[in-house]
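Accompanying notes for the structure given below.
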Amino acid sequence: MTTTVIKAPARFIAVYAIGYVGAYIALITPVATTLALKVGELDPQGKESSLGMIAAIGALVAIVSNALSGALSDRTRSGLGRRRPWILGGALGGVVALAIVGFAPNLLVATIGWVLSQLTLNWVLAALQALLPDQVPLEQRARVSAVLGIAQQVSPLVGIGIAFGVQAAGGGIGLMFLVPGVVGAVLMIVVVLVIRDVPHEEAGPFSWGAFARAFRIEKGKRRDFGWAWFGRFFVILGFAVYTTYQVYFIDDRLGVPTDQIVLTQLYALLIFSAVLTVSALISGRLSDRTGRRKPFVFASAAIVGVGLGMLALTDTLPLFYLSAVVMGIGIGAFFAVDLALLTDVLPDKEHTAAKDMGIFNIANSLPQSVAPAIAPLFLGLGGGGNYSALFIAGAVFAVIGAALIAPIRAVK
């Protein structure tokens with residue numbers, strides 16, 4: 001007997017991607033650009049260490065927020081459903097938090113605002129990620145993951161473009177935080193208005209003990225889930241050592257004038273995003289067609305390592321843009337297929353999808369804390385400003401992430 005697979009409609013996928021764009025415009029634009037500019041304004045002499053401290057604290061909050069809100073989302077019963085209340089609350093709270101950072105008079109207030117933004121915007125991420133196993137069938141996940149991967153990686157381009165527009169219009173750093181945040185919130189609210197939650201059986205009452213036990217790596221799918229977690233952690237760690245210090249790399253290593261840094265980032269992101277889009281679409285389609293995940297994830301993670309190795313040798317803008325091409329190929333394919341691989345090995349996608357996706361998202365958030373914590377060890381080699389050592393370390397991390405995909409058994 002042939003079973004008909006009900007595919008997620010194009011309208012759902014489009015709105016879902018819009019939500020991703022909104023969430024990452026709000027969250028990643030500061031990570032990529034404006035937070036570094038704000039810290040540089042408040043503490044020009046100690047900007048590297050201050051940025052590392054604020055980013056690390058925020059990332060730790062993101063870890064707790066994502067996992068905990070995911071578990072609570074699985075158990076939420078409201079007129080809006082399980083996921084939409086968290087998207088709405090996180091979107092509105094995120095705008096307020098970003099405004100606090102942008103207009104902060106000192107580092108303490110900026111840190112408080114960044115903590116609040118990580119807290120609230122990760123409510124949105126946990127809920128959005130859970131929609132994939134909730135509403136997209138297995139046979140369609142790599143293609144939808146490709147769309148989401150494109151949305152996630154193109155979002156900084158949109159966000160930095162908005163920030164550059166604000167800057168060009170004479171707006172200060174405060175508005176460079178606030179305007180992208182408002183745009184992102186509007187897009188997130190579109191998801192709340194259009195998408196309907198899919199009901200499932202009760203997930204049962206929340207238990208701190210059960211929540212803690214979910215972090216154990218056991219046999220079967222839970223063990224595969226663990227390997228997928230560590231694989232993504234190391235790949236994202238490699239990429240994070242670059243994204244966290246990109247602004248200072250462009251300034252210190254490439255010698256770009258301060259008023260041209262955002263524009264240089266924008267050019268690099270245009271190249272990166274164009275290549276990423278093509279890579280993600282091709283990889284997602286081939287993965288779904290062949291039914292294979294691991295070869296694509298392994299190869300793409302290795303390509304990320306090559307791109308980081310190229311950055312270690314980069315001291316001119318043409319080489320910087322060429323590195324963006326290689327990174328776009330690797331990151332595009334990685335995000336397209338790795339998320340599909342993860343949803344294939346979820347231990348219980350019916351009842352604990354948001355909680356497990358929240359735990360998995362720690363592999364996205366934790367590197368944002370680890371990267372600024374370890375970066376000074378490499379930057380300080382040879383007297384300081386050693387971006388070559390930093391990016392070589394990043395390349396090694398990405399290759400380790402590729403190797404950790406091999407033990408997964410539940411998928412090919």
Hits in the stretch 243-263 (condition: over 21 Å from residue 46 (Cβ atoms), open to solvent by 10 Å² or more (accessible area, probe 1.4 Å) and in a helix (DSSP H, G or I)) = 259, 260, 263
Does residue 195 satisfy the condition of being crowded, with 20+ Cβ neighbours inside 10 Å and within 17 Å of residue 14 (Cα to Cα)?
-> yes
Every listed condition ((1) surrounded by fewer than 21 Cβ atoms within 10 Å (Cβ to Cβ); (2) within 26 Å of residue 45 (Cα to Cα)) holds for residue 372 save (1)
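Outside any helix (DSSP H, G or I) and open to solvent by 20 Å² or more (accessible area, probe 1.4 Å): does that describe residue 77?
Yes.
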Given (1) out of contact with any Asp or Glu (no Cβ under 6 Å at 6 or more places or on another chain); (2) under 24 Å from residue 120 (Cα atoms), where does residue 50 come up short, assuming only one miss?
-> (1)
Quick one: count up the residues across the stretch 313-326 that are at pLDDT below 90 and either of a type in the set (Gly, Ala, Ser) or surrounded by 24 or more Cβ atoms within 10 Å (Cβ to Cβ) (or both).
-> 1
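The values are calculated or read from the model by the stated rules, or taken from the named source; none is laboratory data. Note that this is a predicted model, so its numbers are computed, not measured. Here Cβ is always computed from backbone atoms with ideal geometry, including for glycine, and neighbour counts include all displayed protein chains. The protein model used for the area step is the full one, side chains on, heavy atoms only, and it has no ligands, DNA or RNA in it. Shrake-Rupley method; radii C 1.70, N 1.55, O 1.52, S 1.80 Å.
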